[in-house]
1. Using the alpha carbons of the range 215-342, what is the convex hull volume per residue in cubic angstrom, as a whole number?
2. For all pairs of alpha-carbon atoms in the range 1-96, what percent lies in each bin of width 5 Å, listed from the first bin to the last filled one?
3. Using 0.36 nm per residue of separation minus the Cα-Cα distance, give me the extension gain between S6 and K330 in nm, one decimal.
4. Quick one: compute a quarter of the convex hull surface over the Cα atoms of the range 235-288 and quote it in nm².
5. State the Cα centre-to-centre distance between the range 273-323 and the range 115-147 in whole Å.
6. Output the Cα-based Rg and Dmax of the chain in Å, rounding Rg to one decimal and Dmax to a whole number.
7. Just to check, using Stokes-Einstein with a Kirkwood Rh over alpha carbon pairs, what's the diffusion coefficient of the range 278-353 at 4 °C and 1.567 mPa s in µm²/s?
8. Do any GluC sites (Glu not before Pro) in the range 131-232 lie in a DSSP loop with no more than 15 other beta carbon atoms within 10 Å, and if so, which?
Amino acid sequence: MVTSPSAAAFLDAAAVVRARSAAASERLAGQRARQAADALGVSEAQWVAAGCAGIDAIALQPDFQSIFRQLPSVGRVMALTRNDWCVHERHGRYEDVRADGPMGLVLGPDIDLRVFFFNWASAWSVTDAGRRSLQFFDAAGMAVHKIYVTAETDIVAFDALVDAHRHPSPIWPENPPAPERPAPRGVNDAAALRADWQAMTDTHQFFPLLKKHDADRLAALEAAGADLAQKVAIDAVETVLAGAVAEGTAIMCFVANRGMIQIHSGPIETLRRTGPWYNVLDPDFNLHLNTTAIAQVWVVNKPTSDGWVTSLEVYNAAGDLIVQFFGVRKPGQAELPAWRGMLAALCDTPLAQ
């Protein structure tokens, strides 16, 4: 059998990474793939592609939309989306999948996603210590989304999906340097930004507002005025989540990276701290938040055609949005009074209403 040049290059690159992993096995013991890859100076996609630490990885063709359209067939799974500071896990089915272009949606009652396929680069079927998953990575080798098999997954359908999308000639994932962070963008006209903010009729108009004013998100919060956005205590997340549990208030929790936004909607029940991590540990929803990464927490107040809507936004020292919380609502519905009350109680200045 003759090995093609591209296949030979893949095998050679994988062998190098596996050898480095094996040599550092004691130092990497117990680390998750993301941390172990960082310690070796490779991307997580390269770690997976190389089959480090006994991983069995099958490359899939990068026809991501087609893969997503087939996901409803596999039944209940666990969907995982994370950034460097927060992990969002949700059990359920992929239903109402809309994946025909560079952006996609999954709008099921359990799994709720906003997908940015244009930032995706590779896909893999992964078996790690017997645990099976589909894993998707961006061009820098960062994981944007993972889908784990559960006891309720249709394994026959899962295998059929993998077979249908298996890559005939996988390409080694490159590890380009991270792009430079853009220079901070302040607000040139705070009064104009505030006027546009007060004129919003939908929370989704916030992103066009930032674009119009060529401003960073945090800069806009700082310029808007305390009745529209104000900084609150660093431990506000724990206060609010504990209040949501105590009062039975259903929440929405958004965690995002360059390729995905994953949303939980519903009540929460079990909270637990494990070292630096503050966790929601419910049967169908887990959240793991590294509280040592929190530098700023804001209550943000936006007008809509359904009344004022408030969110709790959590940022790291670099100004990255870690996680965002709302009270459960749908278009046409007013905000939950209990949620509004919890956030207002955090604020020294009354919110606009």
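Readers should treat all values here as calculations from the given coordinates under stated rules, not as data from a laboratory. These figures come from a predicted structure and were not determined experimentally. Because the Cβ atoms are built from the backbone with ideal geometry, glycine has one as well, and the counts that use them run over all protein chains shown.
1. Working: hull volume 15.4 nm³, N = 128.
Normalising the Cα hull of the range 215-342 by residue number yields 121 Å³.
2. Percent of pairs per bin, in order: 2, 11, 16, 17, 17, 16, 12, 7, 2, 0.
3. Stretched out fully, the S6 to K330 stretch lengthens by 111.7 nm.
4. 4.1
5. Taking the Cα centre of the range 115-147 as reference, the centre of the range 273-323 is 24 Å away.
6. 21.7, 74
7. Values: Rh = 13.9 Å.
For these conditions, the coefficient is 93 µm²/s.
8. For GluC sites (Glu not before Pro) across the range 131-232 that sit outside H, G, I, E and B with at most 15 neighbouring Cβ atoms in 10 Å, the list reads E174, E180.
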